[in-house]
Amino acid sequence: MNELIGAKQFAKFLGVSVRTLDTLDKKGDLPAGFRVGHVRRWRKDDVEQWVVKRINDQIIKDH
């Protein structure tokens, strides 16, 4: 089973605050997650793939 991470872990992974993560989430700029009660969770593999895609998109944009 794929590891799940919460907002604090996701924000730390990105090097941003949880507040910034909330802003990105409201804009629809994050990978799909889900809620367990009031707690948000993301699959770690989805987060890592999302980061790689954003990096690759930026590299392509810069060239």
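The values are calculated or read from the model by the stated rules, or taken from the named source; none is laboratory data. Nothing here was measured: the structure is a model prediction, and the numbers come from that model. Every residue, glycine as well, gets a Cβ built from its backbone with ideal geometry; the counts of neighbours run over all protein chains shown. Heads up: the accessible areas ignore ligands, DNA and RNA and are worked out on the full protein's heavy atoms, side chains in. Shrake-Rupley method; radii C 1.70, N 1.55, O 1.52, S 1.80 Å.
Given (i) 51; (ii) 62; (iii) 40, which label gives percent of Cα pairs over 17 Å apart as computed from the coordinates?
Looking at percent of Cα pairs over 17 Å apart for this model, the match is (iii).
Express in Å², to the nearest 10, the accessible area of V47 obtained by rolling a 1.4 Å probe over the protein heavy atoms while all chains stay in place.
0
Per residue of the chain, what 222 nm ellipticity follows from adding -39500 (n - 2.57) for every DSSP H run with n ≥ 4, rounded to the nearest 500?
Details: 3 runs with 37 residues, N = 63.
That calculation yields -18500 deg cm²/dmol at 222 nm.
How large is the accessible surface per residue of the chain, computed with a 1.4 Å probe and reported in Å² as a whole number?
Values: 4990 Å² over 63 residues.
Accessible surface, normalised per residue, equals 79 Å².
Which aspartates and glutamates, on any chain, are close to K8 with Cα under 12 Å apart, when same-chain ones fewer than 8 places away are left out?
Here the aspartates and glutamates satisfying the reach criterion relative to K8 are D22.
Which order do L21, L4 take by accessible area at a 1.4 Å probe, largest first? Please list the in-between numbers first.
Values: L21 0, L4 70 Å².
The residues order as L4, L21, largest area first.
Let me know the charge dipole size of the chain about its Cα centre in debye, to the nearest 20, where only the beta-carbon of Lys, Arg (+1) and Asp, Glu (-1) is charged.
Numbers: 13 positive and 9 negative charges, 56 e Å.
Taking the Cα centre of the chain as origin, the dipole is about 260 debye.
Kindly state, to the nearest 0.05, the FRET efficiency for E48 paired with D25, given R0 = 22 Å and r defined as their beta-carbon distance.
Working: r = 17 Å, r/R0 = 0.79.
My answer for the efficiency is 0.80.
Ignoring ligands, DNA and RNA, what percent of the 1.4 Å accessible area of the chain is carbon and sulfur? Display every interim value, and only then the final one.
Values: 2670 of 4990 Å².
On the chain, the fraction of accessible area on carbon and sulfur atoms equals 53 percent.
So which residue, out of G15, G28, G37, gets the largest mean-square fluctuation from a GNM of the chain using Cα contacts under 10 Å as springs?
G37
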